[in-house]
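The values are calculated or read from the model by the stated rules, or taken from the named source; none is laboratory data. Keep in mind it's a predicted model, so treat the numbers as computed, not measured. So basically every Cβ, Gly included, is an ideal-geometry build from the backbone, and we count neighbours across all protein chains shown. Just so you know, the surface numbers come from the protein's heavy atoms only, side chains and all, with ligands and any DNA or RNA stripped out. Shrake-Rupley method; radii C 1.70, N 1.55, O 1.52, S 1.80 Å.
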Amino acid sequence: MPDFKVKDPNLSPKGQLLTEWASAHMPVLTQIKQRFEKEKPLESVQLGASLHVTKETAVLMDTLKAAGAEIALCGSNPLSTQDEVAAALAERGISVYAWRGQTTKEYYWCVEKVIDYKPFITVDDGADLVGTIHSKRTEVLFDIKGGTEETTTGVVRLRAMARKGALKYPIIAVNDAYTKYLFDNRYGTGQSTLDGILRATSILLAGKNFVIAGYGWCGRGLALRAKGMGANVIVTEMNPTRALEAVMDGFRVMPMEKAAEIGDIFVTVTGNKNVIRKEHLAKMKDGTILANSGHFNVEINIPELESMTAAKRNIRPNLEEHRLQNGKKLYLLGEGRLINLAAAEGHPSEVMDMSFANQALCIEHLVKEPKLEQKVYSVPKEIDELVASLKLKAMKVEIDELTEEQKQYLTSWEAGTI
Ligand SMILES: NC(=O)c1ccc[n+]([C@@H]2O[C@H](COP(=O)([O-])OP(=O)(O)OC[C@H]3O[C@@H](n4cnc5c(N)ncnc54)[C@H](O)[C@@H]3O)[C@@H](O)[C@H]2O)c1
């Protein structure tokens, strides 16, 4: 057995079943795993991963292990680990350090345990692993060839590091593959955020004023799904193009200050901080529900909410009532952490199939590639297109192929109006 720290190793059989269920819905990753088993492209490669420890992550870990990798894994959020899955991974030979409900100190202890394994490749979601290596554990930098990053917020942080010359090894921005953000951020976050809100509250969405802060890939997906459930969607934005798009998509757009007065449910998905602050909280209606689905728990200013709170109680899991000093009640879901993972199970497996297929293929690419610079790379186009093709094939959807004449037409300039 490897070294590990999980909540309860006896939960493993439940985790095995969950992983099996996820795997059955991840045909692209399954195909990649079959090739990896034969070719062993990651033989003895030490991988250090910080990912949400979910059943889908377990399928990715199995795929990488089948390729020959040796893996140390920690969570990428204190509240997103599925304890059954962590137990199952430990039993399957992964050095996993993760349990649900960690303190910040415990969370970073786990991140550092992974760094202790001196990874050759890092696999990150939110850039806490890369950030810790670059700030506190620079002694391992020498051993690292490269890394991958799963989410928008992580890519934003890494690009900022690269701009300042602080990034010391190459990273592939998996988030920025079409087959990642178009599906994971949009349909994955769209569906699973509602799933989290409903599991935490069991409220009716139809007829509610549903305020979404941020009309990026996650916000668009969430708006689409909330509208489908009958909610009146209101969008808040700071980017004029995105705000215009939301208007043309049929949603009301207004500043948070105005939305605060009429919203019933608020969800932040901006990747920014303090999007909902004291002045907004003060204007909200009695009974308002607050949730976040952005990467970090900084989008709702929780310290300010706490400072306005006279009394708190837990109504049910992931639903905390804040009675303000003026008697009004606000309800915070999942401690303001990403609600789809805190209160539900994260993205559906079918979506993570593509995100993690990109991860597996990018890790293989990093290992094979002779020399890369210390910068943030896009996912190679061939990988992105391969993932899309494999997914279509698995879904039994066929598409057209260009004729020779069409290929020539699309690459020439001579032809014009006939
Ligand atoms: N919950 C999940 O499972 C999940 C999945 C994918 C991404 N994420 C995270 O969700 C966040 C958003 O990701 P994305 O891919 O949609 O990013 P994005 O960059 O496509 O969109 C973010 C949007 O928020 C807007 N914004 C920024 N500050 C704002 C403010 N103060 N008020 C209103 N709007 C503001 C931006 O203009 C942009 O349109 C990131 O933190 C990302 O890491 C979470």
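Given the DSSP H assignment, sum -39500 (n - 2.57) over each helix run of at least 4 residues in the chain and divide by its residue total; what's the result at 222 nm in deg cm²/dmol, nearest 500?
Details: 17 runs with 179 residues, N = 418.
Result for the chain: -13000 deg cm²/dmol, rounded to the nearest 500.
Tell me, Kirkwood radius of region 313-392 from alpha-carbon pair distances, in Å? Please report the intermediate quantities before stating the final value.
Numbers: mean 1/r = 0.0607 Å⁻¹.
Roughly 16.5 Å, rounded to one decimal.
Considering only protein heavy atoms, with the full assembly of protein chains and a 1.4 angstrom probe, order Ser80, Ser307, Ser23 by accessible area, largest first. List each step's numbers first, then the result.
Numbers: Ser80 0, Ser307 65, Ser23 45 Å².
I get Ser307, Ser23, Ser80, largest accessible area first.
7 Å from Cα along Cα→Cβ at both Ala206 and Gln408: what's the point-to-point distance in nm?
5.9
What value does region 65-132 have for Rg/Rh, both radii from Cα atoms and Rh as Kirkwood defines it? Mind showing how you got there, number by number?
Details: Rg = 11.5 Å, Rh = 12.3 Å.
Result: Rg/Rh = 0.94.
Mind telling me which of Lys391, Lys113, Lys14 comes out most flexible in a GNM of the chain, alpha-carbon contacts under 10 Å?
Lys14
Within the accessible area of the chain, what % is carbon and sulfur when the probe is 1.4 Å and the other protein chains stay in place?
On the way: 10130 of 19050 Å².
It is 53 percent, rounded to a whole number.
Kindly sort Phe142, Phe356 by accessible area of their heavy atoms, largest first, with the probe set to 1.4 Å. Don't skip to the answer; put the middle values down first.
Values: Phe142 185, Phe356 5 Å².
Sorted descending by solvent-accessible area, the residues read Phe142, Phe356.
Mind running the shape call on region 364-404? Use the C-alpha gyration tensor, a ≥ b ≥ c as the square roots of the eigenvalues: rounded below 1.5 for a/c, prolate if a/b tops b/c, oblate otherwise. List each step's numbers first, then the result.
Numbers: a/c = 3.31, a/b = 2.28, b/c = 1.45.
The shape class here is prolate.
Who wins for biggest fluctuation among Ser192, Ser293, Ser389 in a Gaussian network model of the chain, springs between alpha carbons below 10 Å?
Ser389
Which ³J(HN,Hα) values, rounded to whole Hz and listed in residue order, are derived for region 152-163 from phi using the Karplus coefficients 6.51, -1.76 and 1.60 in 6.51 cos²θ - 1.76 cosθ + 1.60 with θ = phi - 60°, glycine and proline given as x?
Computed from phi, the couplings for region 152-163 are 3, 4, x, 5, 4, 5, 5, 5, 5, 5, 4, 4 Hz.
Which of the residue pairs Lys105/Lys168; Lys7/Lys391; Lys40/Lys391 have a Cα-Cα distance greater than 30 Å in the structure shown?
Details: Lys105/Lys168 25 Å; Lys7/Lys391 35 Å; Lys40/Lys391 23 Å.
Where the Cα-Cα span goes over 30 Å, the pairs concerned are Lys7/Lys391.
Would you kindly work out the equivalent ellipsoid of the chain from its C-alpha gyration tensor and give its semi-axes, the square roots of five times the eigenvalues, largest first in whole Å?
Numbers: eigenvalues 243, 164, 84 Å².
Three semi-axes, in Å: 35, 29, 21.
For region 167-228 and region 270-327, what is the separation of their Cα centres, given in Å?
20
May I ask you to work out the translational diffusion coefficient for region 22-145 at 20 °C, viscosity 1.002 mPa s, via Stokes-Einstein with Rh from the Kirkwood sum over Cα pairs, reported in whole µm²/s? Provide the component values of the computation, followed by the final result.
Numbers: Rh = 14.5 Å.
Rounded, D is 148 µm²/s.
Compactness ratio of region 147-240: Cα Rg over 2.2 N^0.38 Å, N = residue count?
1.31
Amide H of Gly346: which non-local residues (sequence gap of 5 or more, or other chain) have their own amide H closer than 5 Å, using H built in the peptide plane?
Under 5 Å from the amide H of Gly346: Leu341.
Please report the accessible area of Tyr409 (heavy atoms, 1.4 Å probe, ligands and nucleic acids excluded) in Å², nearest 10.
Tyr409 has an accessible surface of roughly 140 Å² with all protein chains in place.
Could you state how much accessible area Glu91 has, in square angstrom rounded to the nearest 10, with a 1.4 Å probe and all protein chains kept in place?
Counting only protein heavy atoms, Glu91 exposes about 110 Å² to solvent.
If you count only protein heavy atoms with a 1.4 Å probe, what accessible area per residue comes out for the chain, rounded to a whole Å²? Intermediate results must be reported in sequence, preceding the final value.
On the way: 19050 Å² over 418 residues.
Value for the chain: 46 Å² per residue.
Distances over 26 Å make up what percent of all Cα-Cα pairs in region 89-223? Mind showing how you got there, number by number?
Working: 3543 of 9045 pairs.
When all Cα pairs of region 89-223 are counted, 39 percent exceed 26 Å.
Which far-off residues, 5 or more places away or on another chain, put their amide H under 5 Å from the one on Ala177, with H placed in the peptide plane?
Val379
About the Cα centre of the chain, what is the dipole size in debye to 20, counting +1 per Lys and Arg Cβ and -1 per Asp and Glu Cβ, all else neutral? The partial results should precede the final answer.
On the way: 52 positive and 54 negative charges, 262 e Å.
For this selection, approximately 1260 debye.
Report the Cys residues of the chain lacking a disulfide-compatible partner, meaning no second Cys Cβ under 4.7 Å from their Cβ.
Isolated Cys, the chain: Cys218, Cys362.
Answer rounded, prolate or oblate for region 198-299, using the Cα gyration tensor with square roots of eigenvalues a ≥ b ≥ c: rounded when a/c is under 1.5, else prolate when a/b is larger than b/c, else oblate. Intermediate values should be presented prior to the final figure.
Details: a/c = 1.30, a/b = 1.06, b/c = 1.22.
Rounded, because the longest to shortest axis ratio a/c is under 1.5.
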